[in-house]
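Novice: First the structure, then my questions, so here it is.
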Amino acid sequence: MQIADVMRREFITVAPEDTLGEVARKMVDKSMGAVIVKDYGRLIGILTERDMLKAMAARVHTSEARVRQWMTEDPVTATLETNVEDAARTMLEHGFRHLPVADETGRIVGIASLRRVVAARQAAADRV
C-alpha cells in the first residue's frame, strides 16, 4: 500500500507571516493537526499541533506570534509512491506525526498522519 492511498488530499496552506491564532482557527475548523507553510508557492515548513503547544508553553500571544517563529523548517517529505511501511518508519525514526507528500514535480499534494499510516498497516495485517 502506498502513502497516496492513505494521505489526506485536503490540507491547509499558510504563509510564514500568518499569526498562530489565525492558523489555530483554521486547524480547528478543518480538524487538522498540521498545516503546510509555503512562501511564494514553495514549501518552507510545516506547523503542527506540537509546535503550537510549544508556543503556548512559551506564553506567546497568538495574535502576535508568527508561523515562521514556530514552524519546522524544510520538513522531510514523501512521494506518492512511498509505501506505508517506509512512511511509518520515517515518522517514527524522526519523531514526527505528519508527513507532507509531494508529486513528481515536488508540489505538495497531500499530508499523511501517523494515525492514518498505522491504521492502514493494521488493516493490511488484518487481511492477511
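Novice: What Kirkwood hydrodynamic radius, in Å, does the chain give when the mean of 1/r is taken over all pairs of distinct Cα atoms and then inverted?
Specialist: With all distinct Cα pairs of the chain included, I get 15.0 Å.
Novice: For the pair Leu80/Thr13, report the inter-label distance in nm, with labels modelled 7 Å from Cα in the Cβ direction.
Specialist: Taking the simple label geometry, Leu80 and Thr13 are separated by 1.6 nm.
Novice: Starting from region 42-113, pick out the trypsin sites (Lys or Arg not before Pro) whose DSSP state is loop and whose Cβ has at most 11 other Cβ atoms within 10 Å.
Specialist: Here the trypsin sites (Lys or Arg not before Pro) that fit, given the DSSP loop and packing criteria, are Arg59, Arg107.
Novice: Taking θ as phi - 60°, what are the ³J(HN,Hα) couplings along region 72-82 by the Karplus curve (6.51, -1.76, 1.60), each to the nearest whole Hz, with x for Gly and Pro?
Specialist: With the stated coefficients, region 72-82 comes to 8, 7, 6, x, 5, 10, 10, 9, 4, 8, 4 Hz.
Novice: Still on this structure, I have one more. On a full-extension model of 0.36 nm per residue, what is the gain between Glu104 and Ala125, subtracting their alpha-carbon distance, rounded to one decimal in nm?
Specialist: Length difference between fully extended and current span is 4.7 nm.
Novice: List every residue whose amide H lies under 5 Å from the amide H of Thr79, counting only residues 5 or more places away in sequence or on a different chain, with H placed 1.01 Å from N in the peptide plane.
Specialist: Ala102
Novice: In region 51-116, what percent of the accessible surface is made up of carbon and sulfur (1.4 Å probe, ligands and nucleic acids excluded)?
Specialist: The nonpolar share, carbon plus sulfur, comes to 47 percent.
Novice: Here is a further query. Rounded to whole Hz and in sequence order, give me ³J(HN,Hα) for region 6-22 from the Karplus expression 6.51 cos²θ - 1.76 cosθ + 1.60, θ = phi - 60°, writing x for Gly and Pro.
Specialist: 10, 5, 8, 7, 8, 8, 9, 10, 10, 9, x, 8, 4, 7, 4, x, 4
Novice: Let me ask another. Please return the longest range in the chain lying between exposed loop sites, taking GluC sites (Glu not before Pro), DSSP loop only, at most 16 other beta-carbon atoms within 10 Å, and leaving the sites out.
Specialist: 18-63
Novice: As a check on your grasp of the helix formula, calculate [θ] at 222 nm for the chain: sum -39500 (n - 2.57) over DSSP H runs of n ≥ 4, divide by the residue count, round to the nearest 500.
Specialist: That calculation yields -11000 deg cm²/dmol at 222 nm.
The values are calculated or read from the model by the stated rules, or taken from the named source; none is laboratory data. The shown structure was predicted, so the numbers you read here are calculated from the model rather than taken from an experiment. Ideal geometry is used to build each Cβ from the backbone, glycine not excepted, and the neighbour counts take in all protein chains shown. Heads up: the accessible areas ignore ligands, DNA and RNA and are worked out on the full protein's heavy atoms, side chains in. Shrake-Rupley method; radii C 1.70, N 1.55, O 1.52, S 1.80 Å.
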